[in-house]
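The values are calculated or read from the model by the stated rules, or taken from the named source; none is laboratory data. Since we're looking at a predicted model, the values are computed, not measured. Glycine also receives a Cβ, built like all others from the backbone with ideal geometry; neighbour counts cover every protein chain displayed. Only protein heavy atoms, including side chains, enter the accessible area calculation; ligands, DNA and RNA are left aside. Shrake-Rupley method; radii C 1.70, N 1.55, O 1.52, S 1.80 Å.
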Amino acid sequence: MTGPSGVGIGWRPEIAGFVAELPGLRFVEVVAEGVPSSGPLPHGLAQLRERAVTVVPHGVRLSLGGAEPVDPARVAHLASVAQRLDAPLVSEHIAFVRAGGLEAGHLLPLPRSREAVDAVCANVARAQAELPVPIALEPIAALVDWPDDELDEADFLTEILDRTGALLLLDVANVHANARNRGADPLALLDRLPLERVAYAHVAGGAEHGGYYHDTHTDPVPAAVLELVGALCARQRPPALLLERDGHYPPAAELRAELDALAAAAGYPAVT
Amino acid sequence: MTGAPDGETPPRAGLAERQAALVAALVAGGEPPAGFAPGPLAATRAALLRKRAGEVARHWPLLAASLGAGWSTTFANWAARRPTVGSLRDGWDLARAMHDQHTLPPAAAEELAVREARLRYDGLRAPRPRRVPAVGRAGGAVAVQIAGRVRLLRPAPRPSTAPSFHGEGAPDTAGSASWISD
């Protein structure tokens, strides 16, 4: 198991054929909930493991930021997927996805309060106790802000990372989206985050819709996000950067061009 | 500022309650929680519905395709106050509701008939494969399942494109495959 390195792509069944044919690929991420904990692995993933490509399970439904304790069965599943894939680490979000018996169907933001920091740290500790490998935590993109934030984003994230010892999965598109929608400076946030803790970075596309920038993962990566990749790498280049695409898959040539542009922005070799 | 006893922070709902209120406001038509700006809340609600519509369309491609440009709105109107029970069941519930209202397009009726033949779904719990031969019907479409294989026996009637004398022209079967893989 080698850590994530260079330029990677989110493995999805719809683009398994495309991913399988990327000659320089050393690293992919897979949605953990989509990988069975027993029985055969999805075909394309098994092939990538045979090529010694690093596969990082990325959880989306643990709800680490939920006020209630994280579901042990979900943690156990993530742990078993990490083991099956011989993953060097797993990743999840600083977010909650359900509350009061209702599924939100998406990642929702926490209030940046001491109470929420305590809740997420307790859940990360519960997960860490069962996981065979380190966890990297990803700050999300959100349109809503809670009315009573006590901490700013950098202090909130740094405190969670310090208290849990977790790694950081920095999503550059989320930094762009939040700054754009809040009228803040994305570089100011980069300057205050512990960039030496970044295990890898996410990069994705989005679109303007109704006056907001939406981190859709179904649109091309905008130039502003690639510029932010360059600014991040100028400060501290992450060991790996991963392109996330979750629908409206473009023709292979376009996806290849996006991977090449990401490699160029980060100064890593092309994987195509 | 407020004179809370012993200098403690004034009582307020705990994180669990406040998270529940936010989710309810976003997916179940709950009251917007106090203090949240309405614009971002509405934008989040709309984004969640678009995302759900996309996920349901992957499970119900003919339902989504047969509604064309109207899919997102149809789904959003139906789903705005209904929290998701998973994309398969969301689409199933919507297809049945449209069927009951006689608004289910023919291709979507065929998709529904095939599903009804393949799986047993009581509207409450996860659908389960049928063990015995079964017939699924929706909007005039008839599908039959034997030993796990499903065949569309009869396509749903298409309204004739050109009005004919008798109102109901010969069924236009163009484009309706007799087999729909599920």
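Summary of computed values
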{"quantity": "Qualifying residue in the range A:219-233 (condition: in a loop (DSSP other than H, G, I, E, B), within 14 Å of chain B (Cβ to nearest Cβ) and either open to solvent by 10 Å² or more (accessible area, probe 1.4 Å) or modelled with pLDDT of 95 or more (or both))", "calculated": "yes"}
{"quantity": "Elements of type helices (runs of 4 or more DSSP H) contained in the range B:70-159, each with 3 or more residues being of a type in the set (D, E, K, R) and surrounded by 18 or more Cβ atoms within 10 Å (Cβ to Cβ)", "calculated": "B:106-118"}
{"quantity": "Every residue from the range A:247-259 that is open to solvent by less than 60 Å² (accessible area, probe 1.4 Å) and either assigned to a helix (DSSP H, G or I) or within 15 Å of residue A:11 (Cβ to Cβ) (or both)", "calculated": "A:247, A:252, A:255, A:257, A:258, A:259"}
{"quantity": "Filter result for the condition that a residue is touching a strand residue (DSSP E or B) at 6+ places or on another chain (Cβ under 9 Å) and open to solvent by 10 Å² or more (accessible area, probe 1.4 Å), over A:122, A:141", "calculated": "A:141"}
{"quantity": "Pairs, first away from every other protein chain (no Cβ under 12 Å) in the range A:87-112, second open to solvent by 20 Å² or more (accessible area, probe 1.4 Å) and assigned to a strand (DSSP E or B), C-beta under 6 Å, six or more apart", "calculated": "A:93/A:107"}
{"quantity": "Members of the range A:196-216 that are of a type in the set (Phe, Trp, Tyr) and out of contact with any strand residue (DSSP E or B) (no Cβ under 9 Å at 6 or more places or on another chain)", "calculated": "A:212"}
{"quantity": "Residue check, residue A:213 of a type in the set (Phe, Trp, Tyr) and either over 25 Å from residue A:89 (Cα atoms) or assigned to a helix (DSSP H, G or I) (or both)", "calculated": "yes"}
{"quantity": "Scope the range A:162-181; condition touching a strand residue (DSSP E or B) at 6+ places or on another chain (Cβ under 6 Å) and more than 20 Å from residue A:225 (Cβ to Cβ); matching residues", "calculated": "A:166, A:167"}
{"quantity": "Condition met for residue A:69 (at pLDDT 95 or above and open to solvent by 40 Å² or more (accessible area, probe 1.4 Å))", "calculated": "yes"}
{"quantity": "Flag if residue A:248 is on the phi > 0 side of the Ramachandran plot and modelled with pLDDT under 95", "calculated": "yes"}
{"quantity": "Among the residues listed as B:45, B:50, the single one being basic (Lys, Arg), more than 8 Å from chain A (Cβ to nearest Cβ), farther than 12 Å from residue A:144 by Cβ and in a helix (DSSP H, G or I)", "calculated": "B:50"}
{"quantity": "Condition broken by residue A:181, with the remaining ones in (1) within 14 Å of another protein chain (Cβ to nearest Cβ); (2) outside any helix (DSSP H, G or I) satisfied", "calculated": "(2)"}
{"quantity": "Failed item in (1) assigned to a helix (DSSP H, G or I); (2) over 17 Å from residue A:132 (Cα atoms); (3) not polar (S, T, N, Q), with residue A:66 passing the rest", "calculated": "(1)"}
